[in-house]
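Asker: Quick one: the structure is below, and I'll ask about it shortly.
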Amino acid sequence: MIRSLCDRAAVWTFVIGMLLGAEGMSLTGAAAARADEATALKIGLLLDLSSGSAEVYRDRQRAFELAIKHVNEGGGVFGLPVAVAVADATADPEKAVAAARRLVEVEGVHAIVGPNASASALPVAEQVTGPASIPTVSFSATSPALTAVADNDFLFRTALSDVSQGPVLARLARERGFDNVGLLHVDDPWGRGLAAAFEAAWDGPVKAVPVDPGETEFLSALRESASGGAQALVVISFETAALAMVREAIDNGLYDHFVFGDGAKRPSLVHALGGARLGNMYGTGPASAPESAASAAWEAAWVAEYGALPVLAYVKEAYDATVALALAAQAAGRLDGAAIRDRLRAVGASPGTVVHVGPSGIADALRILADGGEVDYEGASGSMDWDGNGDLRRGHIGIWRFTEDERIEEVRAVAFGN
């Protein structure tokens, strides 16, 4: 009896297969999507976890985790919870490449958020994620050199290129009453790119001096930068070096006034040097669109999850990078890297139903995409409208300042693009 039922089942399987044979090609995509649905989307976070201050990577990692939580609370991708893997990019580009390889080859991630540094993003895109067809969205790699990187179109950014920040930094220095400045910048892709963008927009004398990324003493470079009669020092460096630069400049009577790039937007600087010295010193960095409903929703969700809002840069951008990859995978209907990449631009731009951050907004987006519709994700940090190079078409650059009571205060946002 059992054998008879099995024989009949085999016959019916053969007959159904013959009847559907003509439709085989049209079912291939759906079958592939169902096969992919059996495997959860896995997103890797590639972040420098071992250098600089813990508060920097902590809030960016929290933003990644909050995005994953919101996606999974919204139903997940293909109805499955998104899986994660985390790797330490360190401050060494070679180690970042090795960490990216581990995410791809060992952890089996389908997409990557990061790396955070331009110096690492360049080789990772060229040597790992581009050749392996792994869509990658960096939230803070801002070097203009990344626009033309040989990435096979797999590197995107939720942070504006520094072609936008440089002119705002130059305008800020002028607004502060300076017409002759010194400039110290870290000699890496980020520092060179932002310094070049600043100099291109600056219309006065400037003495720019590059410093090695591993340098710890800056007196010689400071003296050189001040040799042309500079009234203020423009600091384009990361936290530890920026603190040393400013301290040496003050202690040696070379500068009393400073203007900062985004890498120095750290409470540790004003805490270490005091509000009497750094109060009312200004800088630039990323900013959300003023009066943004998406930004307000994200801030409410962040406070509910973690308490006080972060003051550091590129936190909202880390959240948006994660959500965009999840939505692109849902829109693609499969986990193939090229398919996800090809949907990234679509989920962040019109046409489509505008959706916002948070579990309910992301749940709506996932449902619309699962039903074959289109969405326009308005991120916590701003528009996710990418151009052909994976650069944002528009956004905002923020102006901030250190206060005398040792806080960081947001002053205003300057629009970039249309």
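Asker: Does the stretch 163-285 classify as rounded, prolate or oblate by the C-alpha gyration tensor (a ≥ b ≥ c root eigenvalues; a/c under 1.5 gives rounded; else a/b over b/c gives prolate, otherwise oblate)? If you can, show how the numbers build up before the last one.
Answerer: Values: a/c = 1.22, a/b = 1.18, b/c = 1.03.
Taking the square roots of the gyration eigenvalues as a ≥ b ≥ c, the stretch 163-285 is rounded.
Asker: Once you have a ≥ b ≥ c as the square roots of the Cα gyration tensor eigenvalues for the stretch 274-418, tell me rounded if a/c is under 1.5, and otherwise prolate or oblate according to whether a/b is larger than b/c.
Answerer: Values: a/c = 2.70, a/b = 2.01, b/c = 1.34.
Verdict is prolate for the stretch 274-418.
Asker: Anyone know which of T158, T216, T240 comes out most mobile in the 10 Å Cα GNM of the chain?
Answerer: Checking each option, the largest mean-square fluctuation is seen for T216.
Asker: With springs only between Cα atoms under 10 Å apart, run a GNM on the chain and tell me which of Q165, Q127, Q330 wobbles the most.
Answerer: Between Q165, Q127, Q330, it is Q127 that shows the largest mean-square fluctuation.
Asker: Taking other Cβ within 10 Å of each residue's Cβ, how do W190, W302 sort, fewest first? Present the calculation step by step, with values, prior to reporting the outcome.
Answerer: Numbers: W190 29, W302 22.
Arranged by neighbour count, lowest to highest, W190, W302 become W302, W190.
Asker: Explain nothing, just compute: Karplus ³J(HN,Hα) = 6.51 cos²θ - 1.76 cosθ + 1.60, θ = phi - 60°, for every residue of the stretch 243-256 in order, whole Hz, x for Gly and Pro.
Answerer: Taking θ as phi minus 60°, the curve returns 4, 5, 4, 5, 4, 5, 4, 6, 4, 9, x, 8, 9, 10 Hz for the stretch 243-256.
Asker: For the pair T353 and S50, how long in nm is the line joining their label points, each one 7 Å along Cα→Cβ?
Answerer: Label-label distance for T353 and S50, simple model: 4.5 nm.
Asker: Okay, moving on. Considering only DSSP beta bridges whose two residues both sit in the chain, what percent are antiparallel, to the nearest 5?
Answerer: Details: 17 of 50 bridges.
Beta bridges within the chain, antiparallel portion: roughly 35 percent.
Asker: With just the Cα atoms defining each centre, how far is the stretch 215-279 from the stretch 51-100? Give it in Å.
Answerer: 32
Asker: With the cut-off at 1.5 for a/c, could you classify the chain from its C-alpha gyration tensor as rounded, prolate or oblate?
Answerer: Numbers: a/c = 2.60, a/b = 2.30, b/c = 1.13.
It comes out prolate by the Cα gyration axes.
Asker: Name the residues whose placed amide hydrogens come within less than 5 Å of the amide hydrogen of V354, ignoring near sequence neighbours (fewer than 5 apart) on the same chain.
Answerer: D376
Asker: Also, quick follow-up: Taking 0.36 nm per intervening residue step and subtracting the Cα-Cα distance, what contour gain separates D342 from A296 on full extension? Display every interim value, and only then the final one.
Answerer: Working: separation 46, 0.36 × 46 = 16.56 nm, distance 2.93 nm.
Additional length available on full extension: 13.6 nm.
Asker: If you count the DSSP beta bridges with both ends in the stretch 232-385, what percent of them are antiparallel, to the nearest 5?
Answerer: Values: 1 of 9 bridges.
That works out to approximately 10 percent antiparallel.
Asker: Which GluC sites (Glu not before Pro) does the stretch 291-389 hold that lie in a coil by DSSP with at most 14 other beta carbons within 10 Å?
Answerer: On the way: sites: E291, E299, E305, E317, E374, E378; in loops: E291, E374.
Passing sites in the stretch 291-389 are E291.
Asker: Right, something else. Multiply the residue separation of V411 and N389 by 0.36 nm, subtract the distance between their alpha-carbon atoms, and state the gained length in nm to one decimal. Mind dumping the intermediate values first?
Answerer: Details: separation 22, 0.36 × 22 = 7.92 nm, distance 3.07 nm.
Taking V411 through N389 to full extension adds about 4.9 nm, to one decimal.
Every number in this text was worked out from the coordinates using simple rules, so none of it is lab data. In this text, all values refer to a predicted model and were calculated from it rather than measured experimentally. Note that each Cβ is placed from the backbone with ideal geometry, even for glycine, and that neighbours are counted across all protein chains shown.
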